[in-house]
Amino acid sequence: MSSRDSIGMNNLSDSGNDSGVEDGPSPVNLQADIQKIAKKSRHRSERPSVRLAATGSTGVDLGALAVLRKELPNVDGFVEAAPRSKPEQKRIARKRGYEEISEDVNKWQGIVHQQRNARQLSFPLDKNSISIIKQDNKFQPLMKTELEKEMYELLSGAEMIKPKEESAEDKAVREAMTLEEVLERNKESWRLRTLRNKLGKKAHIRNKTKSKKFHRILKKDRLRKEASNLEQLGKTEPGRALDKLQKLDEIRIEERMTLKHKKSKWAANLQLRAKTDKTALAALQENSRLHEEMVNKLKKTKEEEEAEDDSEEDDSDTDDSDEHDPEADTQNSTPAPGVQDKSYKKMKTFWGEYNRQKEEEMKDQLEEIRRQRKQPKKGQDEQTIEEANKMIKDKLKQSTKSNKGKKKTTCSNNPDVNDNVKINEYEFTFSSMDKPDNPMNESAVRLRTLDDMENFKPDKVAPVAASKTLKQVANNKKKSLPEVDASKIRVLETKVLESSVVKDFFNNDSDSDEAENDDPNADLFDEDDLALDEFNKAREAAEDAAQPKDVCHALPGWGSWTGPDIKMSAKIIERFTDKAPKKAPSKFSDKKNVIYNEEADLHQNIRNRMVSELPFPFLQVSDWEASIRGPIGRTFVPELVHRKLIEPALVTEIGAVIKPMDQTQLLKDNRAKQAVKDNKKTKNQKKEEMEKSGEKPVRPGNQLIEFGSSKKRKFSRKSVN
Amino acid sequence: DYVRECGQVQKVQHNPDPKLHPFERAREYTRALNATKLDKVFAKPFIGALSGHIDSIWKLANVPTRLSTLISGSCDGELRVWDIPQRRVTWKAQAHRGFVRGVVVERSGKNVITCGDDQTIKVWSLDQSTIMEDDDEQDESKENVKPLHEFLGKAGFLDIDCQWDSDLLVTSGMQVDLWDMNRSEPLHSFSWGADTINTVKFNRVETNVLSSTASDRNIVLYDIRSKTPIRKLVMKMCTNSLCWNPMEAFNFTIACEDCNLYTFDMRKLQQAMNVHKDHVRAAMSVDYSPTGREFVSGSYDQTVRIFRVSEGHSREVYHTKRMQRVFCVKFSADSKFVFSGSDDTNVRVWKSQSSARLGTLLPRQKQQLRYRKQLKKKYVHMPEIRRIERHRHVPKSIYKATELRHIMSSAAERKESRRRKHSKPGSRKFKVERKSHIVQEDE
């Protein structure tokens, strides 16, 4: 003990010598030395006191102790530990207790933080209970070493590990579904049921349909599908396709063998009656004739189709319209002679009538236009219009004729009904040009929306309409209108009309003006100059008024004499003047034709609904604005979003006692999880670092027990349920 | 043809295209305004008064297992157990001579424990067989109700509290005594300094910690495991009541004689977490809502106020003409009601949300109310809505007193700022409001 002390002394002296040996100690060295000494002296002051107590209690070597006692006071910095007073002891105990408790309650920090920042809190808090999962027989424990295996075998041999027996209750819990699952299942079953019902209904309706045509179409459809399938199959799997074909052939052969196709109930009956009844015989003969015809027709149509295909291939370059035309269809299929006649006649009469009606309508319209014209004299323009009408009529006749002719001769496109309509429109635009207050004006441009209404300007209508019609004509040309000669319609350009009308109109006005005034502009500009001056003055005045003024608080008579002729000194005035800050120029200051009254810019109602300062939790104006921007009502947002948005921050159950938080809530705390995550992160980082430095990663021991993992909690909740 | 399950409500298709619903902000603003106004219209927080005591009510206690029972102790030593839905007394007893200083219900909810000036602690069974019919009978029955046990102390007791998770009791008076229910002598006595200890309260989460407030303006924390007091905090003025936050283990709030309430973190006592101002006379009592988000306080200025923990000013003030100085307040265990006991011998029942609707609500009603609440929250900063939302009527005396206090505080502030201006820069330090009411923290 003493030797140690002497060593300490030596050290001390050594260090002292060291410092003494150096001639001129640098400040850095000196500082280091001082620290060293300080450390040593502290060590010494602690060590002997402890040792004293130890030896004193055992009663060993008291003589040495006495010597030491004498020596000790000489050592620097040694203070003998006096027994602490009772208040002091208590104080230390209190301090320690407080520190411990403060440290201990820190464990609640995470959950408190979580609760304070939660979007939604619900009370009473969930009850957390810990449950221990017993050893389950299903899972073989992971055994790495031989020893482990042996141990396990021994234990299982001794039946120390008992398989967890599942009680009836547990089983029920395990097998029972959660509410979500039940809801999900119900939903699914509902969906299936509705689907089944829907399909069933559809099938029922289809089966109930008595229309033979419908069923035939169905059958055809089915056959086509099968054929296409077969074709595809032929491409992909020729072997299977062949099999299928063979099967089909077999079916056909079977059918042929039954002779069902040749038999007809109606024919058989007639055959029976034919022996006595002549009409029946005639009917039979008629039937066989028809049959023959049909067979011939079939052959013919096949030939024709082939021919048509060729022709269509030729036409395809010129013919763009792929519209399905019922007329063309009827023409394409040449029916049996008897049938053909009837249908053809019907069709002929129908189209004749249709065209006649159209013509009459056109005539009526033209006449109406004529009637509505109120101009007494027949001017140039009317003549042109009449000419135009005539030409249109001619065109129409031509077109209808060609329509008729076409039906007889060609099997290509027939004119659209739309064309007539378009021409009508064209005529209307015409008349619109005729007079601005014409009721026909309405149809010139279609005002479909409110925007159109706003943008609608009567001056613009005519040219727009004209250009539109021109475009339409051009389009029609593109869409193949072989009969109507587009170039001739182009001659009837509205521009001509427009110019004539507008010219006349303006000419008349200017004539009258000229009669009254020689030079109307001179006076006008004089007045303008005056007004401009006045306006500029007003503008400047307003700008001045908007600028904040300097305020002078100087009072005459304070600090100097005052009287009727005595002026205040400029110094005093300057001293007591509060200078107003210069206002930034308004956004309209560079516009010379505007007087901008800033105060009148916002309506008072709006001002009332503006906040004067940024509300508390927000740090930026944009945040605050964003917080009130989006709507939350179910009128404006979808129902589910609405519900999400209006979720209350605090949910309490009615009539439930809310108990204070207890220790089990700590299990729910995510901090443990977070800590594990962090740990992993740091581990990964460490790994990387180690890999860089070339070290081997150390296998981690038991780091942290993860409380309340999702699986465990689920289990525990279930078991609670 | 689709009909909702719950009733004859037809399904309505709704197109949320914003073009079809113009002026959304303007419309929602109007709705928010209407919601705020409706809230005011429906704000009728007073449910009823339970009258019967013949002296001021000093202490209230509720039962940890029941919602419908409230217990009150009055200054003449009478104990009453109330059935709140029925608004009548279940039973009553002359518990003590002098004040009933403390009432608490044991955690099982079976026994009521009271203490008083007469140096006794008495344990009563909560379910007494005597049922009151009329007043004459009551007086007789008062004699019949007897305590289960009775402990005699050395001096009068001033408060009592029960640990949440065991049967330990703690009383205050000359010193803080820790009792076991099965022993007639205290297990341990804590003392630190010598003055009357007015209140004592167990932490409801960290149940081994308790705190007391004494007449010499200090608040002391104790640890019952190490059986020592651990820290003392000296305030500028005396603390009348203390309550621990039931959801945040380390936070507690005190009701102070200087009209304010202070929320503290027990780990950082050198500074209050929050100063809650609004009362104009001494705050007498404080109690936390079981949700831990707000607390109620009763004051000598005859008002009951509800504060949010995080806010410096009250969100609600309750008063009636007849309510006198409030000595004790209590939140109900479901956080929906507030009870106050006052000098006028009545216990009053209030809603904690002044415009809340009682009883069960239909889902649609619920949704509507939620929507309104959210709207109000969204537009609460708008001046018009803010004005309506914030308006409260208070008696003239309180209004004037508030005004006066404002004048005084602003004058003091002005004076301080002037002093600062005229002294050497940096020599006068700014005082933090949260620290300014604390004298010192003793170890």
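Bear in mind these aren't lab numbers, they're just calculated from the coordinates by the rules spelled out. Just so it is clear, the structure is predicted and the values come from calculations on it, not from any experiment. When we count neighbours, we look across all protein chains shown, and the Cβ atoms used for this are built from the backbone with ideal geometry, even at glycine.
Mean-square fluctuations from a GNM of chain B, with a 10 angstrom spring cutoff on Cα atoms, peak among B:His279, B:His393, B:His319 at B:His393.
Label positions at A:Thr236 and A:Arg370, each projected 7 Å from the Cα along the C-beta direction, are separated by 7.1 nm.
Sorted largest first, the spans of the alpha carbon positions of chain B along the three principal axes are 80, 74, 42 Å. Per-residue Cβ neighbour counts within 10 Å put B:Ser226, B:Ser184 in the sequence B:Ser184, B:Ser226, beginning with the fewest.
Protection proxy ranking of A:239-249, B:284-294, by the mean of other Cβ atoms within 10 Å over each peptide's residues and highest first, is B:284-294, A:239-249. Among the residues of A:622-630, the average count of other protein chain beta-carbon atoms within 10 Å of the residue beta-carbon is 2. Assign one of three labels to the range A:545-667, namely rounded, prolate or oblate, based on the Cα gyration tensor with a ≥ b ≥ c the square roots of its eigenvalues; rounded applies when a/c is under 1.5, prolate when it is not and a/b is larger than b/c, and oblate otherwise. Cα axes put the range A:545-667 in the prolate bin.
Just to confirm my numbers, what's the Cα centroid distance between the range B:29-66 and the range A:558-604 in Å? First find each Cα centre; the distance between them is then 57 Å. Checking the Cα-Cα distances for A:Lys644/B:Lys377; B:Lys59/B:Lys377; A:Lys219/A:Lys300; A:Lys549/A:Lys591; B:Lys154/B:Lys236 against a 27 Å cut-off, the pairs over it are B:Lys59/B:Lys377; B:Lys154/B:Lys236. Using a simple spin-label model with pseudo-atoms 7 Å out from Cα toward Cβ, A:Ala93 and B:Leu404 lie 4.9 nm apart.
Length gained on full extension, A:Gln357 to A:Asp243: 35.0 nm, using 0.36 nm per residue less the C-alpha separation.
Highest-first packing order for the peptide set B:422-428, A:178-184 is A:178-184, B:422-428, based on the mean count of other beta carbon atoms within 10 Å.
Overall form of the range A:172-261: prolate. Here a/c, set by the Cα gyration tensor axes a ≥ b ≥ c, is 1.5 or more, and a/b is the larger of a/b and b/c. Remark: the range B:312-326, residue by residue, has Karplus-estimated 3J(HN,Hα) of x, 10, 6, 8, 8, 10, 10, 7, 9, 4, 8, 6, 9, 4, 8 Hz, where x stands for each Gly or Pro and the curve is 6.51 cos²θ - 1.76 cosθ + 1.60 at θ = phi - 60°.
Rounded, prolate or oblate: which fits the range B:326-425, taking a ≥ b ≥ c as square roots of the Cα gyration tensor eigenvalues, rounded meaning a/c under 1.5, else prolate when a/b beats b/c? Oblate, since a/c reaches 1.5 and b/c is not below a/b. The modelled label-to-label distance between B:Glu413 and A:Ala580, using points 7 Å beyond Cα along the C-beta direction, is 3.0 nm. Each part reduced to its alpha carbon centroid, the range B:81-125 and the range B:216-282 end up 26 Å apart.
Give me a single rounded figure for A:610-617: the average over its residues of other chain Cβ atoms within 10 Å of their Cβ. Taking the mean over all residues of the peptide, I get 2.
If R0 is taken as 51 Å, the Cβ-Cβ distance between A:Lys213 and A:Ala176 corresponds to a FRET efficiency of 0.35.
When all alpha carbon pairs of the range B:213-289 are counted in 5 Å bins from zero, the resulting P(r) reads 3, 16, 26, 28, 18, 7, 2, 1, 0 %. Over the C-alpha trace of the range A:262-302, radius of gyration and Dmax come out as 12.4, 40 angstrom.
As a proxy for reagent exposure, ranking A:Tyr98, B:Tyr262 by other Cβ atoms within 10 Å from fewest up yields A:Tyr98, B:Tyr262.
Peptides A:102-108, A:648-654, A:591-597 ordered by packing proxy, namely the average of other Cβ atoms within 10 Å per residue, highest first: A:102-108, A:648-654, A:591-597. Take each residue in B:226-232, count the other chain C-beta atoms within 10 Å of its C-beta, and the mean is 6.
Compared with the direct C-alpha span, the chain from A:Lys127 to A:Gln604 gains 166.2 nm at full extension, assuming 0.36 nm per residue. With neighbour counts taken as other beta-carbon atoms within 10 Å, the residues A:Lys208, A:Lys149, A:Lys659 rank, fewest first, as A:Lys208, A:Lys149, A:Lys659.
Sequentially through the range A:213-230, phi angles give Karplus couplings (6.51, -1.76, 1.60; θ = phi - 60°) of 4, 4, 5, 4, 4, 4, 5, 4, 4, 4, 4, 4, 4, 4, 4, 5, 4, 4 Hz, Gly and Pro residues having no value and appearing as x.
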